[in-house]
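Just so it is clear, none of the values below were taken in a lab; they were calculated from the coordinates. In this text the structure is predicted, and so the values were computed from the model without any measurement. Please note: Cβ atoms are built from the backbone with ideal geometry, for glycine as well, and neighbour counts cover all protein chains shown.
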Amino acid sequence: MRPSFIAGILLIVVGAFLFYRGGSFSTREDVLKVGDLKVSTEERHSIEPWVAGAVVAGGVVLLLAGAAKRKA
């Protein structure tokens, strides 16, 4: 199997997982720092569904590119 074919399959699986289960990531930001005292906040961000669709579309493109190379 070609690497682009395998990468396409993996992207489709990851995109489908993100679309059905959703995903999120968190960021930490220092709000106040005085000497040894540090106050920070953690904010959680969700991954938009259009990102999952873009990942699946990229996977399909790689899958088709890998299949086209195989036939040639």
At 20 °C in a medium of viscosity 1.002 mPa s, region 3-71 has a Stokes-Einstein diffusion coefficient, with Rh taken as the Kirkwood radius over alpha carbon pairs, in µm² per second, of 150
Simple label model, 7 Å out from Cα along Cβ direction - Ala65 to Phe17, nm: 2.2
Assertion target for Asp30, Asp36, ordered by fewest C-beta neighbours within 10 angstrom first, is Asp36, Asp30
Karplus 3J(HN,Hα) series, Hz, for region 41-47 with 6.51 cos²θ - 1.76 cosθ + 1.60 (x for Gly, Pro): 10, 10, 10, 9, 10, 9, 8
How far apart, in nm, are the 7 Å Cα→Cβ label points at Glu43 and Ala57? 2.7
